[in-house]
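So the structure is just underneath, and the comments pick up after that.
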Amino acid sequence: MKTLSETGNTETAKRSIGIITLSEEDEPPSSRLTPRGETEEEPPGSTVTHSQRRFFAHVPERDWNDWKWQFRHRISSVDELARFIPLSEEEKSHLNTVTARYPMAITPYYLSLINPDNPDDPVRKQAIPCLQEITMNSLGEEDPLEERRDSVVPGLVHRYPDRALMVLTDICPMLCRHCTRKREWRHGGWVRPQSEIEAMLDYLRQHKTVRDVIISGGDPLTLATHTLEGIISRIRRIKHIEIIRIGTRFPVVLPQRIDKELCHMLSKYGPIWLNTHFNHYREVTPEAAAACDRLLRSGVPVNNQSVLLRGVNDSVETQRKLCHALLRAKVRPYYLFQCDEVQGTEHLRTPVEAGIKIIEGLRGHTSGLAVPHFVIDLPGGGGKIPIQPDYVLSLNKKELVLRNYKWQLYHYRNPQATQVTRTPEFADEELHASRGASPAREDRVAVPVGGN
């Protein structure tokens with residue numbers, strides 16, 4: 001596995017490994033962003049309809065809707081960020097210190113969702129670094145889930161019996177401040193070479209217990225569509241693999257990536273499921289909802305895996321609004337993750353009780369479709385454990401005492417364990433059936449264990 005910095009020529013390396021910058025004609029004359037107040041020539045008759053393009057109203061619509069333009073124009077330096085978000089000299093100094101260890105990358109689209117006048121904006125907290133990423137860095141671990149330990153070949157994690165995770169790249173359209181694989185950022189952008197991808201595929205071919213493959217990163221949709229198709233098509237040719245899943249945040253941070261070419265390609269290799277990562281209801285924009293709709297119309301169901309984040313979505317009301325917005329966009333709220341114990345994320349982690357309180361406030365108060373599974377991904381590679389409020393107050397062989405979402409108590413009779421026994425008449429019926437006779441059937445009798 002080589003980083004882009006090790007290849008000598010960054011632009012050549014990007015094209016050779018199939019990242020999004022595919023040809024010289026795709027490159028703009030300049031990658032410099034024009035901040036608010038400066039002008040850029042716009043073709044006659046073009047109009048800007050995006051209601052939240054507060055920073056980029058000067059950008060022609062064709063560029064704004066081009067995901068490659070968005071990717072090339074990501075905000076990655078503090079000076080660049082300061083042209084859009086008010087920052088004091090002290091704040092810029094702090095951010096430069098943080099980004100020396102944990103880099104920054106924000107798409108113009110996602111930056112446009114941030115309220116620049118609110119330092120505590122929940123969208124901002126996910127994208128813009130803060131000093132606590134390094135001042136609280138002694139807490140947590142680089143790889144709390146021990147993915148390296150469970151990697152059977154480089155890039156392939158096989159932890160559960162019937163599922164495997166393929167990590168194809170560490171490149172993302174945006175560097176989320178709560179990222180589980182934050183450890184990879186300082187290694188530069190890399191994509192698995194063909195030799196490592198082939199080793200992953202060989203392992204999958206040889207292990208017939210694997211029926212479900214998750215393609216992840218980084219973000220695998222940073223790969224060119226034809227590159228991604230080359231991998232997906234080879235997975236699909238492995239007969240015992242039933243399901244392919246893709247983990248991506250593109251529908252949230254750069255929905256323009258979900259274009260006709262990608263959707264057409266994915267439609268050829270189903271069943272494919274896509275898990276995305278909305279954390280706040282303000283992220284469910286018309287553009288994001290349209291991207292999810294394009295996936296659904298291509299036969300790709302979309303689930304959401306949210307992460308519980310302090311000051312972002314750690315209230316019942318915010319989670320309810322998020323889950324309702326997702327359902328309106330035809331996206332299923334799937335998981336609500338407790339934020340992993342990753343170095344550089346402690347300031348965003350909440351007490352586990354906050355997640356339990358959220359589930360308590362959703363269950364019964366809204367549709368079950370709007371209630372995700374609250375889970376902890378155990379450190380040390382222990383896997384996901386569902387956590388929920390206690391609805392069973394007591395349990396014995398005779399009954400359960402249960403409470404509902406209103407804290408009303410109910411007694412529920414506990415059926416005894418049973419076994420199905422054959423009456424003499426039923427055994428005689430089987431004997432006659434084996435000889436071609438068809439006597440009248442008698443009812444089967446279920447007798448409690450230990451009873452007569």
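The values are calculated or read from the model by the stated rules, or taken from the named source; none is laboratory data. Being a predicted model, the structure only gives us computed values, none of them experimental. Note that each Cβ is placed from the backbone with ideal geometry, even for glycine, and that neighbours are counted across all protein chains shown.
Some notes on this structure:
- Which numbered condition Val98 misses (of (1) of a type in the set (Val, Ile, Thr); (2) touching a strand residue (DSSP E or B) at 6+ places or on another chain (Cβ under 8 Å); (3) over 27 Å from Lys321 (Cβ atoms)): (2)
- Within the range 85-108, being of a type outside the set (Gly, Ala, Ser) and part of a helix (DSSP H, G or I) holds for Glu89, Glu90, Glu91, Lys92, His94, Leu95, Asn96, Thr97, Val98, Thr99, Arg101, Pro108.
- Only a single criterion out of (1) surrounded by fewer than 16 Cβ atoms within 10 Å (Cβ to Cβ); (2) touching a residue at least 40 places away in the same chain (Cβ under 8 Å) is not satisfied by Met136, namely (1).
- Filtering the range 113-127 to residues that are surrounded by fewer than 20 Cβ atoms within 10 Å (Cβ to Cβ), part of a loop (DSSP other than H, G, I, E, B), touching a residue at least 24 places away in the same chain (Cβ under 8 Å) and not acidic (Asp, Glu) leaves only Pro116.
- Hits in the range 327-344 (condition: of a type outside the set (Asp, Glu) and either in a loop (DSSP other than H, G, I, E, B) or in contact with a Lys or Arg (Cβ under 7 Å, 6 or more places away or on another chain) (or both)): Ala329, Lys330, Val331, Cys339, Val342, Gln343, Gly344
- Residues of the range 86-96 that turn out to be in contact (Cβ under 8 Å) with a residue 24 or more places away in the chain and more than 19 Å from His178 (Cβ to Cβ), as a count: 1
- Within the range 146-206, strands (runs of 3 or more DSSP E) holding 1 or more residues that are over 30 Å from Leu348 (Cβ atoms) and in contact (Cβ under 8 Å) with a residue 40 or more places away in the chain: 151-153
- Residues of the range 354-400 classified as farther than 30 Å from Arg149 by Cα and out of contact with any Ser or Thr (no Cβ under 8 Å at 6 or more places or on another chain), total: 27
- Failed criterion for Arg328 (all others in (1) touching a strand residue (DSSP E or B) at 6+ places or on another chain (Cβ under 7 Å); (2) within 30 Å of His264 (Cβ to Cβ) hold): (1)
- Number of residues in the range 61-84 that are surrounded by fewer than 21 Cβ atoms within 10 Å (Cβ to Cβ) and assigned to a loop (DSSP other than H, G, I, E, B): the value is 6.
- Extreme residue, nearest to Lys208 (Cα to Cα), among residues of the range 245-265 that are hydrophobic (A, V, I, L, M, F, W, C) and surrounded by fewer than 23 Cβ atoms within 10 Å (Cβ to Cβ): Met265
- If you check Trp185, Trp190 for being modelled with pLDDT under 95, closer than 21 Å to Cys339 by Cβ, aromatic (Phe, Trp, Tyr) and surrounded by 16 or more Cβ atoms within 10 Å (Cβ to Cβ), only one passes: Trp185.
- One residue from Val342, Val302 being at pLDDT below 95, β-branched (Val, Ile, Thr) and either in the same structural domain as Asp66 (by TED's automatic domain parsing) or under 25 Å from Arg163 (Cβ atoms) (or both): Val342
- Summed over the range 128-145, residues that are part of a loop (DSSP other than H, G, I, E, B) and in contact with a strand residue (DSSP E or B) (Cβ under 8 Å, 6 or more places away or on another chain) total 5.
- Any chance Arg148 is surrounded by fewer than 17 Cβ atoms within 10 Å (Cβ to Cβ), more than 20 Å from Arg249 (Cα to Cα) and under 21 Å from the mean Cα position of the chain (by Cα): yes
- Any hit, the range 285-294, residues being more than 13 Å from Ala329 (Cα to Cα) and either touching a Phe, Trp or Tyr at 6+ places or on another chain (Cβ under 9 Å) or not assigned by TED's automatic domain parsing to the domain that holds Asn313 (or both): no
- Extreme residue, surrounded by the fewest Cβ atoms within 10 Å (Cβ to Cβ), among residues of the range 377-415 that are basic (Lys, Arg) and in a strand (DSSP E or B): Arg413
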